[in-house]
Structure formats: structure tokens, C-alpha cells
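One structure is given below, encoded as C-alpha cells.
The values are calculated or read from the model by the stated rules, or taken from the named source; none is laboratory data. From a predicted model like this one, the values you see are computed outputs, not experimental measurements. Ideal geometry is used to build each Cβ from the backbone, glycine not excepted, and the neighbour counts take in all protein chains shown. Heads up: the accessible areas ignore ligands, DNA and RNA and are worked out on the full protein's heavy atoms, side chains in. Shrake-Rupley method; radii C 1.70, N 1.55, O 1.52, S 1.80 Å.
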Amino acid sequence: MKIGFGVDLGGTTVKIAAFEKTGNMLSKWEIPTVIANNGARILPDIADSVLGYCKEKGIAKDEVIGLGIGVPGAVDENGIVASCDNLGWGRSDVIRELSSLTGMPVKVGNDANMAALGEAWKGSGGDNMVLVTLGTGVGGGIILNGKPLTGKTGGAGEIGHMVLNRNETRPCNCGKYGCVEQYCSATGIVRMATDYLASTVDASSLRQLEKITAKAVFDTAADGDAVAQTVLEQVYAYMGEFIANICCVVNPEAVVLGGGVSRAGEPLLEGVKRSFAKWGYHACQDTQFRLATLGNDAGAYGAFKLIVD
Ligand code: ZN
């Protein structure tokens, strides 16, 4: 039996999964990401872990097709990682280092692109899709004809930093003003709710909360709170607008919503669809909207798919 590995390298844990060549997941586990000494232990720890798995299961070298890994940074067309700030890495040749540590063929991609590739392959995407990851920030990945769109320096798919509002006065984490992330992330939704409450005297149960969260905004809206519903309509307007712009470039079959905010489920999906119907170009009106289905496993599936390809 031929097997391989998909690895999703995050800032606190490394998710590792073993797969059959078909993409059937055999096993998954996590190890801590040791970021001390500029992350020098990270690749050796991953190598020890997968080699340990092979030894334990009696898997010979020639039965392993390889290892794919998603990293939290830009990966260029030659597989060079420019930097991974939250791991302490500067420019790194992950392919060379990890293949010399494991003796396996290695491929590397950006983590958000790998999550998109995973959803495209085994989740709810298809071969032409855009994954919109709505979490603390907004990330994403674009899959065209079954392949991740990476661009020259690996910056393709950074949809959270498309500019939506040229008049924004507060900066985004990236240093620009008015990025998608400032309105459509969990943090952005909280900020929009806080701003709305500060600018009106409208009654809302959100005012009783010690701390407003994105989940609380969805929950109170579902309970009929008019302020929360208005805030979400503003959020959906931004989401529909920026997704419509992406679709003008990509014309995907499906847009898949993932990340923590997507746990809001059907109301989110319906709100974005409603807004997209208004902002979407006529040739893109058939675009399907779906919720992501692989959760935290998407990155490992996608990283393994790199090796299968
Ligand atoms: Zn930004």
C-alpha cells in the first residue's frame, strides 16, 4: 500500500495526517510547534514524528509517496518560503531541508492555499473554487482547474487585504486602510457592532454584554435584535461586494465559506448570497455558495494533494 503525509504547520501546533493515495485519511495527530531559537526545531520535529509513524506501522521507505506541507507564509514559485514571522523563520528552503531529514519527496505551499486545495479535493469545493476563510482575520485561497493560484511571490489569494473602503481612517494589521479584514473578520464584525452602538442610542441586547463577540452578534440577530440584524446586513453588504469582485476575476463554480465565523451557518450563507445577488456580475450569478466541510483538517488534505499531483 502506498501512503503519504499531509502537514499543516501552525503557530502553536503542527497537524499531521497519514493518507492512502486516494486521499483516505488513515490517521491524524498533532505535535507542538516549538518556536524557540527561531523555529529551528520545527522541521526536525516533523521529520521525527512521521518517521516514528512509519517505524511503528512497519512502513518501508518505498511505500511512502511523499510529504506535503502548508506553512503560514508566502511560498514562491520555486517552493522557497519568504518568511514565516510567527514561527521566527526567515527565508527558508523547506523542501530541501525536510526531504533531507525524511528521505521523502516534499512539496510545500501556503497554508491558506492548502486549505482551499483540501476543500476543493475532499470538501465542498470542486476544481474551480474560492475559499473565503472568515476568522480572526480574513484569508483565502483560489483553486483554478484543480491547482492553487499562487502568483509570482506567493501573494495570490490574499483576499483579506483587498481594499473595500478608501475612506477608512483606522489602519488594518497590514498597515493599509479599509481592507476586507477590517469589516468581514470576527474582529471586524465586533468593531462594526461597537461602532454602530456608539453612534446611536438604539435599544439592543448587545448593550448588556460585557464583551461583544461575533458569535454574540449572530446570536442576538437570530433572537430578533434589530441592531444586530442591521450590523450583519452591513457585514453581508461588504462580503457580497468583495466576493463579487473576486468572481469577476476568477468566475469560480463555488465560493466556500470557512473559518470560525462560518460556524454561524445558514444565516451567514443566506446573507452573503442575498448581497451577492445585488453586487455580482451577471455572468457570475450562477456561483454556488457553500459552507466548508473539512474544518481543521482541510490544510492537511490539501498539503497531501500536492504530493498526489
Ligand atoms: Zn490589510
Leading residue by the ranking (nearest to Phe19 (Cα to Cα)) among those in the stretch 278-294 that are in a helix (DSSP H, G or I) and in contact (Cβ under 8 Å) with a residue 12 or more places away in the chain: Cys284
Residue ID - modelled with the lowest pLDDT, chosen from residues in the stretch 71-96 that are part of a strand (DSSP E or B) and out of contact with any Lys or Arg (no Cβ under 9 Å at 6 or more places or on another chain): Cys84
Total residues in the stretch 294-309, condition of a type in the set (Val, Ile, Thr) and open to solvent by 30 Å² or more (accessible area, probe 1.4 Å): 1
Any hit, the stretch 239-254, residues being in a strand (DSSP E or B), of a type in the set (Gly, Ala, Ser) and over 19 Å from Leu164 (Cα atoms): yes
Pick from the stretch 48-64, criterion under 27 Å from Glu119 (Cβ atoms) and part of a helix (DSSP H, G or I), ranking: least open to solvent (accessible area, probe 1.4 Å): Val50
Matching residues in the stretch 113-135 - criterion: being part of a loop (DSSP other than H, G, I, E, B) and within 16 Å of the ligand (Cβ to nearest atom): Gly135
Filter pass, Asn78 being open to solvent by 10 Å² or more (accessible area, probe 1.4 Å) and closer than 30 Å to Gly178 by Cβ: no
The stretch 227-260, subset open to solvent by less than 20 Å² (accessible area, probe 1.4 Å) and not hydrophobic (A, V, I, L, M, F, W, C), residue farthest from Gly188 (Cα to Cα): Pro252
